[in-house]
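Here is the structure we will look at.
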Amino acid sequence: MLEHWKQVLAQYPDKMEENELYGMTNMAIGAGADTISASLQALFYYLIRYPQHYAVVKAEVRSANTSKAIAFSETQNVPFLQACIKEAQRMHPAVA
């Protein structure tokens, strides 16, 4: 997005000012960080609230032989974790 906005700024300097470009960039980063944070908070809230589910997720991730920092592609092979993520997002959506 930043690259696109820089091209628009270069092509149409009268339509957008540089400070607007910085504002849009900060807004996009803030919006993305906020939704990710809310989703992770919901996931961990429910896993802490239901320790029996946390134990299942922990065992499943350990048995899946994932890397130390689990990659997105690796999470696709961990079905109970996927179910927990989707359920947390259903119960506590980051965006109304």
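Where helices (runs of 4 or more DSSP H) fall entirely within segment 13-96, those with at least 3 residues that are loosely packed, with under 14 Cβ neighbours inside 10 Å, among the charged types (D, E, K, R) and modelled with pLDDT under 85 are at 18-49. Among the candidates 82, 52, the residue that is within 14 Å of the chain's Cα centre (by Cα) and polar (S, T, N, Q) is uniquely 82. For segment 1-12, the candidate set comprises residues that are loosely packed, with under 10 Cβ neighbours inside 10 Å and of a type in the set (A, V, I, L, M, F, W, C); within that set, the residue that is nearest to residue 95 (Cα to Cα) is 1.
The values are calculated or read from the model by the stated rules, or taken from the named source; none is laboratory data. Predicted, not measured: the structure shown is a model, and the values here were computed from it. Methodologically, a virtual Cβ is constructed for each residue, glycine included, from the backbone with ideal geometry; neighbour enumeration extends over all protein chains shown.
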